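Read the structure below first, then the notes.
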Amino acid sequence: MFALPRAARKAFASLTAGVAALTLAACQPVSMSGGSTGPSINTSAPVPVALLVPRGSGSAGDDVLAQSLENAARLAANDLDGVQIDLRVYNTAGNAATAQSVASKAIDDGAKIILGPVYGESANAVGIVAAQRGVNVLAFSNNPTVAGGNVFILGPTFQNTANRLTQFARSQGKQNIVVVSSTNLAGQLGQQAIANAAQTAGVNVAANVTYEFSQQGVMSAVPRVKSAVDQGADAIFLTADTSGALPLFSQLLPEQGVSPAATQFIGLTRWDIPPQTLELPGVQGGWFAMPDPNLSQQFSSRYAAAYGGQPHPIGSLAYDGIAAIGALVKQGRGDALTGQALTQSAGFQGVGGVFRLLGNGTNERGLAVATVRDGQVVVIDAAPRAFGGFGF
């Protein structure tokens, strides 16, 4: 049906990489009775915080990530004014059983809160043992199926992004969207997030086009997307990411007459990572959400000055976690690390802007809406600086 150039075939070779953090069985969050549950702390003394990182798995990538998380956490701790953090680092080897074991040891060692781990299955395992000891967990996962009870996820969620982009689309007159999603877990979660956001924003989902997570699956979905657009849809909301199906959709849809100049392309994932994606003709003019780029660049510059390199893309989550803990401890309350305190409505200032933890264990972040023009990222709607304004 379609001739695929070498670049497109190569892009699809690593199709599964972008959703690895989401491809796991949904886990049941552990409940701790009452939002006030959590250990009492002495705010005038250094607060013991356990940082769980995936070092020791045998993967070079995990080791790089682990070091970046540790570096960012130490940078944040040094930035705190009037608060001392006793940061204790534990290696999980990227394994759920090991993560649970070291989390138990960390609590035995006196940890009042756990920052990490990275992977969803490990976060769930840590949450179980931490709940038994009345300790909260700030995991680096973005998987909402492991959030809840005493587990809060710091990773950017599909729901937050979908809400931001759908509200913006409505403000720009987009009324009928086609949702294009894969049938794997990441696609299903993305599709549901967009459906929820559309309902809240008052935007009509004209069609849901699903596809098997394969090269042939993408190719077979394109005619169905075109048909929905021909019937009056004015926007296409893609859950695909840059390491998976996005390059193919950005090539094949315009080839089949679905022009991004006439139909608004919207992405649930970052289209600027890796930067080479910005060169694809099909993403020009598309919308995606991102943290405040100016604030993010400031963090990257400070990190590079301190450690001589760039942070891992999710390394900043460790900084955010320490920043939130520090802000709460600075209030001088013994219950600063309880669930009720962690979910304060005002939120916290993080690397990429304002964020807050929600009672269901997920989070809400202030995001900018960006587009791609001539291969460059251009912010077209700035990230809100506080909660309650436009964009939330």
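Here's how it looks for ALA336: its modeled amide H is under 5 Å from those of ILE41, which are all 5 or more places away or on a different chain. Comparing mean-square fluctuations of GLN199, GLN100, GLN264 from a GNM of the chain with C-alpha springs under 10 Å, the top value falls on GLN199.
Starting from the Cα of LYS112, draw a straight line to each of the aspartates and glutamates and keep only those under 15 Å, dropping any in the same chain fewer than 8 residues away. Straight-distance partners of LYS112: ASP86, ASP335. Mean separation of Cα pairs under 8 Å and 6 or more residues apart, divided by the residue count, gives the chain a relative contact order of 20 percent.
Computed over segment 84-144, relative contact order equals 34 percent, with contacts defined as Cα pairs under 8 Å that lie 6+ residues apart. Rounded to whole numbers, the Karplus 3J(HN,Hα) couplings from phi for segment 347-355 are x, 9, 9, x, 4, x, x, 6, 8 Hz, using 6.51 cos²θ - 1.76 cosθ + 1.60 with θ = phi - 60°, and x at Gly and Pro. Straight-distance candidates among the aspartates and glutamates for linking to LYS174, with alpha-carbon spacing under 18 Å and chain neighbours fewer than 8 residues away dropped: ASP230, ASP234, ASP381. The alpha-carbon of LYS330 sits under 14 angstrom from the alpha-carbons of these aspartates and glutamates, leaving out residues fewer than 8 places away in its chain: ASP79, ASP81.
In a reduced charge model with +1 at each Lys and Arg Cβ and -1 at each Asp and Glu Cβ, the chain shows a dipole moment near 180 debye about its Cα centre. Give the distance, in whole Å, between the Cα centre of segment 50-92 and the Cα centre of segment 177-219. That distance is 35 Å. With an a/c value of 1.5 or above and a/b larger than b/c for the gyration tensor axes a ≥ b ≥ c computed over the alpha-carbon atoms, the chain is described as prolate. Using the Karplus relation 6.51 cos²θ - 1.76 cosθ + 1.60 with θ = phi - 60°, the per-residue 3J(HN,Hα) values for segment 200-214 come to 5, 7, x, 9, 7, 8, 5, 6, 10, 10, 10, 8, 5, 6, 7 Hz, with x marking Gly and Pro. In whole angstrom, segment 351-392 maps to an equivalent ellipsoid with semi-axes of 25, 11, 8, each derived as √(5λ) from the alpha carbon gyration tensor and ordered largest first.
Sorting 236-242, 57-63 by average packing, meaning the other beta carbons within 10 Å per residue, from highest down gives 236-242, 57-63. Show log10 I(q)/I(0) for segment 154-198 at q = 0.14, 0.22 Å⁻¹, two decimals, from a solvent-free Debye sum over equal Cα scatterers. Values, matching the q order: -0.32, -0.73.
The numbers here are math on the coordinates, done by the rules we state, and not lab data. Since we're looking at a predicted model, the values are computed, not measured. When we count neighbours, we look across all protein chains shown, and the Cβ atoms used for this are built from the backbone with ideal geometry, even at glycine.
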